[in-house]
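What follows is a set of notes on a single structure, which appears directly below.
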Amino acid sequence: MIKTVGVIGAGQMGGGIAHVCALAGFQVKLHDIDEAALSRARQTIAHNLERQVARGKIAESDKDAALKRIATGTQFSMFGDCEIVIEAATEKEAVKRAIFKELVPALRPDAIVASNTSSISITRLASTTDRPGKFIGMHFMNPVPVMSLVELIRGIATEESTFATVRDLAVRLGKTPVAAEDFPAFIVNRILLPMINEAVYTLYEGVGSVDAIDTAMRLGANHPMGPLELADFIGLDTCLSVMQVLYEGLADSKYRPCPLLVKYVEAGWLGRKSGRGFYDYRGEKPVPTR
């Protein structure tokens, strides 16, 4: 039975995973190499819990108890008593491999390792550890406290008991798990990212402006957010890396990243997090950049 959950990476995803785990009653060990990132994550978690209190979703006492359950640190040795560690570092395979190499010696032999990767092969990541049978993909959606889906991805070596334990954890977190096969980008991003990429091509080819494309998809397909606005929310660098994984992994030209998406990333216009993407967020309200 899982009681203590380790989380690697105190960014948007890692912080969100720590938030839902602590709120569900688990002890949480949140790790990052940057003390400042850990401090920011704590503030964000406290702020988001406060919002849940204000909306009547949780009590003030739930918020206080959840915050007390989160310990932070910069050393992998803190994970010694964790039954599972969820890696939520940046979406770069080399970074993840380096983390797993350093992490594994700090774990107890029966600990499960999960990756929150949105697109990278679970089989390949698992092979860098000493426990491919206890390795699984656990892909949360952003923002984690709001989105109810978790994709569970078995690698070729993932044991059935590992899958069952992690599925049970997802349910205990109040999430709805779906099983996905270990193909590039799994289910959600295999469908969602080519749609976003096609929206960028539609802009690139001058079929419509940023505003026209987003308005058309909001009102014509009843999407809550237009695809270019959504790309900015996800981060254009993340969108590009998922498209590259799809293109390289499936060798099909329909997954070729749009040159305009590449150009925006090269310019450092990564969306909301950098202040500019398909919209400019530096003023009072977002303004299309094209």
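The values are calculated or read from the model by the stated rules, or taken from the named source; none is laboratory data. Nothing here was measured: the structure is a model prediction, and the numbers come from that model. In this analysis, Cβ positions are derived from the backbone assuming ideal geometry, glycine residues included, and neighbour counts consider all displayed protein chains.
Can you pull out every residue in segment 65-83 that is surrounded by fewer than 13 Cβ atoms within 10 Å (Cβ to Cβ) and out of contact with any strand residue (DSSP E or B) (no Cβ under 8 Å at 6 or more places or on another chain)? Correct list: 68, 77. Has segment 230-245 got at least one residue that is surrounded by 14 or more Cβ atoms within 10 Å (Cβ to Cβ), within 16 Å of the chain's Cα centre (by Cα) and under 30 Å from residue 1 (Cα atoms)? No.
A search for C-beta distances below 8 Å between a residue of segment 169-183 that is under 9 Å from residue 153 (Cα atoms) and any residue that is of a type in the set (Val, Ile, Thr) and not in a helix (DSSP H, G or I), counting only pairs 6+ apart in sequence or on different chains, returns 178/150; 178/187; 179/153; 180/153; 180/187; 181/153; 182/153; 182/156. On the stretch given as segment 238-290, residues that are of a type in the set (Phe, Trp, Tyr) and assigned to a helix (DSSP H, G or I) total 3. Any residue at all in segment 251-261 that's surrounded by 13 or more Cβ atoms within 10 Å (Cβ to Cβ), at pLDDT 95 or above and farther than 14 Å from residue 196 by Cα? Checked against the condition, which is being surrounded by 13 or more Cβ atoms within 10 Å (Cβ to Cβ), at pLDDT 95 or above and farther than 14 Å from residue 196 by Cα, segment 251-261 yields no hits at all.
Taken over segment 125-145, the residue count meeting the criterion of being of a type outside the set (Gly, Ala, Ser) and either free of Cβ contacts under 8 Å to residues at least 40 places away in the same chain or touching a His at 6+ places or on another chain (Cβ under 6 Å) (or both) is 10.
Only one of the listed residues (49, 38) is without any contact (Cβ under 8 Å) to a residue 40 or more places away in the chain, in contact with a Ser or Thr (Cβ under 6 Å, 6 or more places away or on another chain), outside any loop (DSSP other than H, G, I, E, B) and not acidic (Asp, Glu). That residue is 38.
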